[in-house]
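The values are calculated or read from the model by the stated rules, or taken from the named source; none is laboratory data. In this text, all values refer to a predicted model and were calculated from it rather than measured experimentally. Here the Cβ positions follow ideal geometry from the backbone for every residue, glycine too, while neighbour counts run over all protein chains shown. These area figures cover heavy atoms from the full protein model, side chains too; ligands, DNA and RNA do not enter into them. Shrake-Rupley method; radii C 1.70, N 1.55, O 1.52, S 1.80 Å.
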Amino acid sequence: MNMVLIENTAGSSQVITIIEEFAGHSVSRDLNPGDAARIPVSQFKSITVRETYPDDWLSRGRARNRAAANA
């Protein structure tokens, strides 16, 4: 298995969102400035890294997913 290290530089003013997609599911996490993540990768997983803003599409999508899960 291989690992990918993704680090959000301590002086950065952006939050980074990492989206892992595998087996029809997706998992996301935010990295604040100074945070890092080690992610295991395989041929069956894709990883997307994006700058995140408070009102971006991902935040709205998470809120929709929470609402659907609670319904």
Filtering region 14-50 down to residues that are in contact (Cβ under 8 Å) with a residue 12 or more places away in the chain, open to solvent by 50 Å² or more (accessible area, probe 1.4 Å), among the hydrophobic types (A, V, I, L, M, F, W, C) and not in a loop (DSSP other than H, G, I, E, B) yields F22, A36, I47, V49
Of the residues in region 1-13, those that are more than 13 Å from the chain's Cα centre (by Cα) and open to solvent by less than 70 Å² (accessible area, probe 1.4 Å) come to V4, S12
Looking across region 51-66 at residues that are open to solvent by 100 Å² or more (accessible area, probe 1.4 Å) and either among the basic types (K, R) or modelled with pLDDT of 75 or more (or both), the single one that is nearest to G11 (Cα to Cα) is E51
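Just need a number here: residues in region 9-31 that are of a type outside the set (V, I, T) and within 10 Å of T52 (Cβ to Cβ).
Taking region 9-31 first, the residues of a type outside the set (V, I, T) are 10-14, 20-26, 28-31.
Those still in the list that are within 10 Å of T52 (Cβ to Cβ) too: 14, 28, 30-31.
Qualifying residue count, region 9-31: 4.
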